[in-house]
Structures are given as structure tokens and as C-alpha cells.
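Asker: I'd like to ask you about the structure that follows.
The values are calculated or read from the model by the stated rules, or taken from the named source; none is laboratory data. Computed from a predicted model, the values in this text were never measured in an experiment. Note that each Cβ is placed from the backbone with ideal geometry, even for glycine, and that neighbours are counted across all protein chains shown. Each accessible area value is taken on the protein alone, full model and side chains, heavy atoms only, with ligands, DNA and RNA left out. Shrake-Rupley method; radii C 1.70, N 1.55, O 1.52, S 1.80 Å.
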Amino acid sequence: MSGNMDTSEPAGADQTPMEGSAVEGATDKEHGVLYVGVDMGTSRTSVSASNGVRETLASVVGYPKDVVARKLLKRDVVFGDEALEKRLSLNLYRPLEHGVLKSGDEHDGDKNLEAANALLRAAVAMCRARKDELVYAVIGVPAQASIHNKRSIIDVARESVDSVMLCSEPFAVAYGLDMLEDALVIDIGAGTTDLCRMHGTMPEDSDQITLTYAGDFVDRELSAALEQSCEGAQFTLGMVKATKEKYSFVHGQEEPVIVDFPVAGKPQPFDITKDLLESCKKVVPPIVEALGRLVGSFDPEFQHKLRSRVLLAGGGSQIRGLDRAIEDEMKTTLGGGTVIRIEEPIYGGANGALKIAHDMPEDFWEKLK
Amino acid sequence: MGKLTNKLQEAVKKLSYSTTVDQLKRKGIQKVNVVGLDRIVALIEAAVHRTLKARMAGLETAEMCGEIAGQTRDEFLRLLHSNESLEKAHQEMHGEKSALEEQVALLRTELQTVQGKLASRESQLAREAKVQAAEEDQHLHEEIHGLLAQRGMDDERTRGLVQEVFGLVRGHLEVERTRVTEARRKEYQTEVELLNRRLAKLNGALAATEDQLQRVMKAKTLHPGLPSVYKKVQGLDSHDSLFAKKTELMESIFEANLRLRREIA
């Protein structure tokens with residue numbers, strides 16, 4: 001997979017879900033089948049479709065706070081990066097936490113489910129499906145998502161597509177790359193890091209490990225470190241996340257990372273190189289420790305093969321030098337290994353899910369309608 | 001095939017869109033592979049020829065080959081044409097929207113002018129009436145005073161009488177003024193009615209145009225959608241090198257999902 005361009009105008013997250021809903025109002029669906037691969041993540045939701053569309057949006061849904069905000073925004077619901085930009089006028093919902101749908105008290109649970117529903121419909125709408133086409137979707141879910149969560153996702157998805165299947169996210173990444181045997185996938189998201197052992201058959205629970213050492217963990221660690229080292233600096237977790245996404249590294253950084261944070265309203269430069277490095281590095285040992293568990297519990301004859309094909313995917317894998325840092329840690333604790341960073345970390349899961357959707361036989365789709 | 005090649009090149013150009021390095025980075029794309037148009041065209045042509053050759057092996061006649069190649073070309077051109085039609089409709093809608101927006105802007109300006117004209121005329125009338133009344137009152141007061149002075153009634157005692165006479169005459173004068181104002185109003189009534197009718201018409205036209213604009217804006221967002229490259233459900237390619245393994249995996253995924261549905265139920 002390369003960075004091929006989709007054939008659409010880039011779809012904005014401002015499109016209301018109903019506008020692009022494939023199922024809404026469809027009466028005749030004999031003109032084609034649109035496959036959709038969805039990676040619904042804590043931080044971003046990405047879609048790949050068989051009409052060439054590939055889009056990603058922040059997993060954030062906002063509802064206008066009052067009538068004035070509603071009039072100003074001219075919409076009842078705002079999605080993605082636009083919702084983040086206009087957050088002061090909105091009640092914001094991030095319906096996913098640790099890669100799964102949030103459940104809270106009765107009211108919040110309902111609101112999160114409603115937001116997740118809207119988010120998934122917006123994601124499907126971004127695919128710009130024709131009304132006369134069947135929409136078959138495969139959604140990647142975290143390796144160890146609970147049945148309650150899977151049910152919620154299915155309930156939500158069934159309103160937007162004709163037939164839906166769930167599969168493990170890291171498995172989808174491996175399937176998309178045709179690495180079905182003797183490979184280990186590390187899918188680093190915002191909420192969770194999923195590890196999956198591929199050995200030619202469907203991964204079982206024992207082949208998969210989910211860690212919470214992921215993007216959000218790094219944000220929190222970095223925020224705590226900056227509070228200590230950047231005296232008087234004012235920042236939010238969102239600012240820390242944006243800084244991390246721009247400068248994160250664990251290897252090969254020669255220039256110091258200097259960022260401006262306001263101090264009593266006036267921007268001041270701070271050198272955050274050390275804090276950034278230390279915070280990002282904290283995810284490496286638990287990941288390699290989990291890799292060790294998956295390798296160690298595998299057939300000893302093939303353990304070296306697993307170690308030599310470790311795939312690094314997910315938005316969190318964009319930390320510069322992470323592949324090298326994991327290799328170094330593997331050398332120390334596991335006697336070596338090779339880490340391969342996939343070319344499109346953000347779309348790896350969605351591309352894999354799309355490929356699974358394509359390869360699924362017709363009768364299977366029909367039975368799950 | 002020359003025509004097809006040109007059409008293919010045009011299609012690839014039309015279907016592509018411009019992007020920036022920053023936009024790509026935001027989408028998480030750090031590296032892009034570049035393929036030349038000529039290469040794509042050559043690859044598609046080669047693929048079509050090879051497939052035709054392979055599928056027709058042992059059966060081919062020149063006529064059949066020609067027929068299939070022709071059908072393929074027609075289908076491609078049909079798809080291309082449908083894409084062009086969509087593009088055209090989209091552009092037309094854009095044009096219509098711009099025209100309507102201009103019309104709304106014009107109507108708004110005209111409405112403001114008419115409203116301003118009405119307001120200015122009414123305030124001018126009121127101002128003129130006020131000034132005229134003050135002048136007349138002053139004049140009347142002086143005449144009454146002059147008249148009584150001629151009769152030797154200009155001392156302190158007659159000052160109250162002057163005021164009383166002035167008040168009496170002024171009362172009658174006000175009645176007359178109201179009559180005159182009404183008469184002048186009637187004089188302008190035709191013009192005011194005309195302006196009011198024009199105003200109502202403009203308001204109606206504005207509302208209708210804004211409605212139309214809303215409809216076009218809404219229609220613009222109702223994109224007919226991008227067709228999938230598949231007309232039928234696909235399934236695994238039997239020539240896939242991992243066919244057997246993938247078949248097993250597909251069954252496993254399906255069974256897991258079926259189990260999940262049962263558990264949910």
C-alpha cells in the first residue's frame with residue numbers, strides 16, 4: 001500500500017450523518033457493492049472503501065451547547081477536528097476509551113452511545129456510498145474488547161450499513177499486509193496497544209495482548225513531566241498531545257525540541273527534549289515485555305521467526321525511532337529481533353479490514369444481514 | 001485504442017485532486033509512491049489485452065475478440081461519461097448557487113434603498129410640518145399682539161387676553177392643520193402605496209430566492225456518491241497464493257461473528 005489518492009474531494013467531517021448514509025432511503029440496491037474497512041480508534045477513526053475513498057477524522061462528536069451556538073454552527077452535530085476547533089460552543093463527547101465504547105452512568109452511557117452512533121455514521125458517510133449500492137463493512141475492534149462492547153458497535157453499525165462484521169484490529173493489520181504466518185503485530189493506538197501473534201490461523205485470546213501503554217499514556221506522562229520542569233507554563237492535555245504528535249521521538253533526535261507555552265499570558269520558549277524522550281520511551285519496555293510473553297509461549301522451533309517479523313502499526317507508532325528503540329530493547333531482553341514499520345500507520349487497520357471485507361464470501365455477508 | 005488512451009489519461013487527471021504535503025502529513029502519510037500516467041495507461045492496456053488473450057485461448061475468433069474489446073471500451077467510456085455528467089451537474093449547481101447568491105445580494109440592496117427612501121420621506125414630512133407650524137404660530141402671535149396694540153390694548157392687563165385669544169385661534173388652527181396634513185398624506189398616499197407594494201414584492205422575491213438557495217445548497221451536499229469498483233460481491237480470488245489459508249480465516253471470522261450475534265440475541 002502506498003499513499004495513493006482517493007478520487008473524491010476530501011470529505012469534511014461537517015457532513016451530517018444522514019446526508020451520506022448508504023442505507024437511508026435506499027430501495028434498490030442492485031447496482032454494486034461497496035466494501036468499507038473501519039478502524040474506530042480512541043483518538044481517530046479511519047475508513048478505507050472500495051470506491052477509492054480513504055479518510056480519517058478525530059473520534060470526537062460535539063453538540064451545540066445552546067440555541068445561539070446551534071444558530072452559529074448551523075448544525076446539530078459537529079465531528080472530528082472541526083468539533084475540537086469549536087469546542088467552546090459544543091458539548092464534546094469522545095465516545096471511545098481504551099479503544100472501546102465508553103460506559104458510564106445511565107445518562108453518560110446513552111450520550112456516548114449516541115455520539116458513537118453519530119461518529120460511525122459520519123465515518124460511513126465519508127465513504128460517499130451510492131444509495132443503490134450494498135454497503136458491507138468490517139470494523140476493527142481491540143483484540144480484547146468485551147462482548148458488551150462488540151454488541152454496542154454492532155448495534156451502532158447496523159444502522160449505517162447493510163451487513164457488518166467485527167475482527168481484531170491487529171489481525172486486520174496483518175491481513176492487509178498478507179503476513180498471516182509467523183508475524184507479530186504491535187498496533188499502538190491512543191487508548192490501547194494491541195499485540196497479536198499471527199501463526200496462519202485465526203488468533204485466539206492467548207495470541208493477543210492489550211496494553212494501556214499507548215498514546216494517551218504518553219500524553220499523561222509528558223504532561224506530568226512538563227508540570228515539573230516548565231515552571232509557570234500553562235498548557236492543557238490537548239496542547240501536550242499536539243506537541244507530542246509533532247515532535248515525539250525515542251531515537252535519532254539531534255536538535256533540541258523547543259516549544260512555546262504561555263506563562264501568565266505571554267508565550268515563553270521551553271526546552272522539552274528530555275521530557276519528551278523520557279515520556280515516549282516509557283512505552284517501550286512494557287511492549288517488549290508483552291512481545292516476550294507472546295514469543296515465549298509460542299512453539300520454540302518458530303520463535304525466531306516471530307521475533308524477526310514484528311510489524312509496527314497504528315497512529316502511536318509514528319513516534320520517531322520507535323522501531324529502532326523496540327529492536328534495541330528486544331536485543332537486550334529477547335536476544336534480538338526485527339521491527340518493520342508499516343507504510344501507512346493510520347490506515348493500516350482500515351486497509352486490512354477493507355481487504356477482509358473484499359475476501360469474505362457472499363453467503364457469509366447474507367447470513368449476517 | 002488511441003482514443004481510449006487519451007480518455008484514460010484525461011480520466012486519471014480528472015479523478016485526481018490536488019493536495020499539499022501538510023495535508024498528507026495530517027492524514028498520516030509520510031511517503032507517496034509516484035506512478036506516471038503513461039505507465040498506468042500502458043499497464044491497463046496490457047492487462048486488458050492479456051486477460052482477453054487468456055480468456056479467449058482456444059475459442060477465439062477475430063470477431064469475438066473484437067466484440068469483447070469493443071464492449072470493454074464502451075463500458076469504460078460509459079463510466080467515464082457518467083463521471084463527466086456528474087461533474088457537469090455539480091458545476092451547474094455551483095453556477096446556479098452563485099447566480100442566486102448574487103440575486104439575493106441585489107434584492108437586499110434594493111430593499112434597503114426602498115426602506116431608506118420611505119423612512120427619509122416620512123421624517124422629511126414630519127420635519128417640514130413642525131417647522132411650518134412653529135412659523136405660523138409665531139406669525140399669528142405677532143398679528144394678534146399688533147392688532148390689540150393698534151387698539152391701545154398693549155399694557156399688562158391685556159397680556160392675558162392676548163394669550164387667551166391666541167390659544168383659541170391656535171386650537172382652531174390645529175384642527176385645520178390636521179385636515180391639511182391628512183390632505184397632504186392623501187396626496188402622497190398613492191406614492192406610499194406604490195412603495196409599499198414594491199416593498200412587499202421585494203420581500204416575497206427575497207424569501208422565494210432564499211428558499212431556492214437553501215434548496216440548491218442542500219442539493220449540493222446530496223452528493224450522488226462515488227461508485228464502488230465492484231458490481232458484485234467478490235470473495236477470495238481462487239488464484240491467491242494463500243487461498244486455502246485465507247478461506248479458513250474467513251470462515252473463522254464469520255463463525256466468530258455468528259457466535260457473537262447468537263450471544264447478543
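Asker: Give me, ordered by chain and number, the residues 5 or more places off A:F270 or on other chains with an amide H under 5 Å from its own placed amide H.
Answerer: A:V259, A:D260, A:F261
Asker: How would you classify the stretch A:119-178 from its alpha-carbon gyration tensor, with a ≥ b ≥ c the square roots of the eigenvalues: rounded for a/c under 1.5, else prolate if a/b is greater than b/c, otherwise oblate?
Answerer: On the way: a/c = 2.32, a/b = 1.34, b/c = 1.73.
Oblate.
Asker: Given a 1.4 Å probe, show me the residues in the stretch B:237-253 buried by at least 50 Å² of accessible surface when comparing the whole protein assembly to the chain alone.
Answerer: B:K245, B:K246, B:L249, B:M250, B:I253
Asker: When ligands, DNA and RNA are left out and all protein chains stay put, how many square angstrom of accessible area per residue does chain A have with a 1.4 Å probe?
Answerer: Working: 15230 Å² over 369 residues.
For chain A, the solvent-accessible area averages 41 Å² per residue.
Asker: Please average, across the residues of A:199-206, the number of beta carbons from any other chain that are within 10 Å of each residue's own beta carbon, and give a whole number. Working shown, then result.
Answerer: Numbers: counts 0, 4, 4, 8, 2, 1, 0, 0.
Counting other chains' Cβ atoms within 10 Å and averaging over A:199-206 gives 2.
Asker: Using label points projected 7 Å from each Cα along Cα→Cβ, tell me how many nm separate B:T158 and B:K186, to one decimal.
Answerer: Each label point lies 7 Å from its Cα, and together they span 4.0 nm.
Asker: Mind giving me the FRET efficiency for B:R259 and A:S308? R0 is 45 Å, r the Cβ-Cβ distance, nearest 0.05 is fine. Numbers along the way, then the final one.
Answerer: Numbers: r = 34 Å, r/R0 = 0.75.
The computed FRET efficiency comes out at 0.85.
Asker: Also, I was wondering about something else. I'd like the accessible area for B:D211, computed on protein heavy atoms only with a 1.4 Å probe and all protein chains in place. Round to 10 Å², please.
Answerer: For B:D211, the solvent-accessible surface is approximately 90 Å².
Asker: Next question. Would you mind telling me the share, in percent, of accessible area of the stretch A:121-275 contributed by carbon and sulfur at probe 1.4 angstrom?
Answerer: Working: 2890 of 6030 Å².
The computed percentage sits at 48.
Asker: At 10 °C and 1.306 mPa s, grab the translational diffusion coefficient of the stretch A:215-281 from Stokes-Einstein with a Kirkwood Rh over Cα pairs, rounded to a whole number in µm² per second. Intermediate values should be presented prior to the final figure.
Answerer: Numbers: Rh = 11.8 Å.
Reported coefficient: 134 µm²/s.
Asker: Could I ask something else about it? Please identify, among A:T45, A:T192, A:T333, the residue showing maximal mean-square fluctuation in a Gaussian network model of chain A using a 10 angstrom Cα cutoff.
Answerer: A:T333
Asker: Looking at the stretch A:261-369, which GluC sites (Glu not before Pro) are DSSP coil and have at most 12 other C-beta atoms within 10 Å of their C-beta? Don't jump to the answer; show the numbers that get you there.
Answerer: Details: sites: A:E278, A:E289, A:E301, A:E327, A:E329, A:E343, A:E362, A:E366; in loops: A:E343.
Of the GluC sites (Glu not before Pro), not one in the loops of the stretch A:261-369 has a Cβ with at most 12 other Cβ atoms within 10 Å.
Asker: Name the long-range amide H neighbours of A:I340: under 5 Å, sequence gap of 5 or more, or other chain; modelled H, no Pro or chain starts.
Answerer: Correct list: A:V310, A:L311, A:L312.
Asker: Now for a different question. Using a probe of 1.4 angstrom, how much of the accessible area of the stretch A:306-369 is carbon and sulfur, in percent? Let's see the in-between values first.
Answerer: Working: 1110 of 2370 Å².
Ligands and nucleic acids excluded, carbon and sulfur reach 47 percent.
Asker: Ok, one more. Report the FRET efficiency, 1/(1 + (r/R0)^6), for B:V34 and B:A200, where r is their Cβ-Cβ distance and R0 is 56 Å, rounded to 0.05. Mind showing how you got there, number by number?
Answerer: Details: r = 62 Å, r/R0 = 1.10.
About 0.35, to the nearest 0.05.
Asker: Same structure, new question: Among the listed pairs A:K102/A:K355; A:K282/A:K331; A:K244/B:K27; A:K71/B:K27, which have their C-alpha atoms separated by more than 21 angstrom in this model? Could the numbers behind the result be given before it?
Answerer: Details: A:K102/A:K355 28 Å; A:K282/A:K331 17 Å; A:K244/B:K27 16 Å; A:K71/B:K27 30 Å.
Violating the 21 Å limit, Cα to Cα: A:K102/A:K355; A:K71/B:K27.
Asker: Project the alpha carbons of the stretch A:251-304 onto their principal axes and report the range along each, largest first, in whole Å.
Answerer: If we take the Cα atoms of the stretch A:251-304, the spans are 60, 23, 10 Å.
Asker: Also: Can you list residues whose amide H is under 5 Å from A:L90's amide H, if they're 5+ apart or on another chain and H is modeled 1.01 Å from N?
Answerer: Close amide H contacts, sequence-distant or interchain: A:K65.
Asker: In addition: Just the number, please: buried accessible area between B and A, total of both chains, 1.4 angstrom probe, nearest 100 square angstrom.
Answerer: Working: alone 21680 and 17420 Å², together 34430 Å².
In total, chains B and A hide about 4700 Å² from solvent.
Asker: Further question: With a Cα-only, solvent-free Debye model of chain A, what are the log10 I(q)/I(0) values at q = 0.07, 0.10, 0.13 Å⁻¹?
Answerer: Per q value, in the given order, log10 I(q)/I(0) is -0.32, -0.65, -1.07.
Asker: Hey, how many Å between the Cα centroid of the stretch A:37-102 and the Cα centroid of the stretch A:318-369?
Answerer: For the stretch A:37-102 versus the stretch A:318-369, the Cα centre distance is 25 Å.
Asker: Now for a separate question. How large is ³J(HN,Hα), in whole Hz, for each residue of the stretch B:122-131 in order, when computed from phi with the Karplus curve 6.51 cos²θ - 1.76 cosθ + 1.60 and θ = phi - 60°, using x for Gly and Pro?
Answerer: Calculated HN-Hα couplings, in order: 5, 5, 5, 4, 4, 4, 4, 4, 5, 4 Hz.
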